[in-house]
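Take a look at the structure set out below.
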Amino acid sequence: MPDFAYACKLIDIQDNQILAIDIDETPVALARVEGRIVAFGDVCTHDDGPLAEGEIDGDCVVCPRHGARFNLFTGQATLPAPQPIPIYETRIDGEDIMVQLHQ
Ligand code: FES
């Protein structure tokens, strides 16, 4: 069974807020979107922009550098980003948010 790693406390993230963390040296961003916790790669595929410093707009995060948009549930990108970002499984364990980096 795949491992889930501790990410942060549930109360650490408010609606439409993004939190940057490292899990096993992988930069991960966590956000709460309409009550759902999502976890995604914190590196823009265009030019390594820090997505956790961007803004949530609907179901997307907008890169703060050149405005590429990534869907927070599928990872799908818009130009100028050439590739999607990874989306990670999350699990709530009591007060804790757990993230599955590897399947
Ligand atoms: S670095 Fe993200 S759009 Fe350019």
Fill in the blank from the handout: Checked Val38, Val33 against criteria (under 16 Å from Val62 (Cβ atoms), modelled with pLDDT under 95 and aliphatic (A, V, I, L, M)); the one match is Val33
Fill in the blank from the handout: Going through the stretch 49-67 in order, the residues found to be more than 6 Å from the ligand (Cβ to nearest atom) and charged (D, E, K, R) are Glu53, Glu55, Asp57, Asp59
Completion exercise
Flagged in the stretch 23-41 as in a loop (DSSP other than H, G, I, E, B) and either under 20 Å from Asp3 (Cα atoms) or near the ligand (Cβ under 8 Å from one of its atoms) (or both), in numbering order, are Asp24, Glu25
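Consider Ala39 carefully, then state whether it is crowded, with 20+ Cβ neighbours inside 10 Å and out of contact with any His (no Cβ under 8 Å at 6 or more places or on another chain). Don't jump to the end; show me each part of the working.
Details: crowded, with 20+ Cβ neighbours inside 10 Å: yes; out of contact with any His (no Cβ under 8 Å at 6 or more places or on another chain): yes.
Considered against the rule, which asks whether it is crowded, with 20+ Cβ neighbours inside 10 Å and out of contact with any His (no Cβ under 8 Å at 6 or more places or on another chain), Ala39 comes out as yes.
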Problem - Matching residues, the stretch 75-103, being away from the ligand (no atom under 16 Å from the Cβ), loosely packed, with under 12 Cβ neighbours inside 10 Å and in a loop (DSSP other than H, G, I, E, B) - result: Gly94, Glu95, His102, Gln103
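The values are calculated or read from the model by the stated rules, or taken from the named source; none is laboratory data. The structure presented is a predicted model; accordingly, all values stated were derived computationally and were not measured. Please note: Cβ atoms are built from the backbone with ideal geometry, for glycine as well, and neighbour counts cover all protein chains shown.
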